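Trainee: Okay, handing you the structure first.
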Amino acid sequence: QVQLVESGGGLVQSGGSLRLSCVASGVIFRVNVLGWYRQAPGKQRELVATITSSARTNYADSVKGRFTISRDNAKNTVYLQMNSLKPEDTAVYYCNADGSALFNSGRRDFVSWGQGTQVTVSS
């Protein structure tokens, strides 16, 4: 079983910064792509940023130049540094990971989501 646990969300004023973290736990052999997604009230979940195992990154246009995704492979952890936050960044932020891990049925590929962490940006 693979679990993702996010932390670092909270309330911040417009223009402020937050750093989100997400740790993957379990008997994990390989983590391929790590990503952050967000869902605002009444809206669909959208991609924020992803990072591959070779550190190639991809960002939504709305966060380019403000957010930075990074990862620590030794700790199976992904980070999202969010600067110059805007009220429209308010959402629940979810961590996503895919890779290979050990389950009761043996080694197999997985795709997992965290439970989400709330980010609220006040104007």
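The values are calculated or read from the model by the stated rules, or taken from the named source; none is laboratory data. Computed from a predicted structure; not experimentally measured. Methodologically, a virtual Cβ is constructed for each residue, glycine included, from the backbone with ideal geometry; neighbour enumeration extends over all protein chains shown. The accessibility values were calculated without ligands, DNA or RNA, using every heavy atom of the protein model including side chains. Shrake-Rupley method; radii C 1.70, N 1.55, O 1.52, S 1.80 Å.
Trainee: Applying the selection to the stretch 66-94, what residues are within 20 Å of TRP113 (Cβ to Cβ) and open to solvent by less than 30 Å² (accessible area, probe 1.4 Å)?
Mentor: PHE67, ILE69, THR77, VAL78, LEU80, MET82, ASP89, ALA91, TYR93
Trainee: Taking the condition crowded, with 16+ Cβ neighbours inside 10 Å, hydrophobic (A, V, I, L, M, F, W, C) and either part of a loop (DSSP other than H, G, I, E, B) or touching a helix residue (DSSP H, G or I) at 6+ places or on another chain (Cβ under 8 Å) (or both), does VAL121 pass?
Mentor: Yes: the conditions hold for VAL121.
Trainee: Of the conditions (1) open to solvent by 60 Å² or more (accessible area, probe 1.4 Å); (2) of a type outside the set (D, E, K, R); (3) in a strand (DSSP E or B); (4) in contact (Cβ under 8 Å) with a residue 60 or more places away in the chain, VAL23 fails just one. Which one is it?
Mentor: VAL23 satisfies all of (1) open to solvent by 60 Å² or more (accessible area, probe 1.4 Å); (2) of a type outside the set (D, E, K, R); (3) in a strand (DSSP E or B); (4) in contact (Cβ under 8 Å) with a residue 60 or more places away in the chain except (4).
Trainee: Further question on the same structure: Taking the condition more than 16 Å from GLY9 (Cβ to Cβ), modelled with pLDDT under 95 and open to solvent by 40 Å² or more (accessible area, probe 1.4 Å), does ARG107 pass?
Mentor: Against the criterion (more than 16 Å from GLY9 (Cβ to Cβ), modelled with pLDDT under 95 and open to solvent by 40 Å² or more (accessible area, probe 1.4 Å)), ARG107 qualifies.
Trainee: Here's something else I'd like to know. For residues that are outside any loop (DSSP other than H, G, I, E, B) and farther than 17 Å from SER70 by Cβ, tally how many sit in the stretch 33-55.
Mentor: 3
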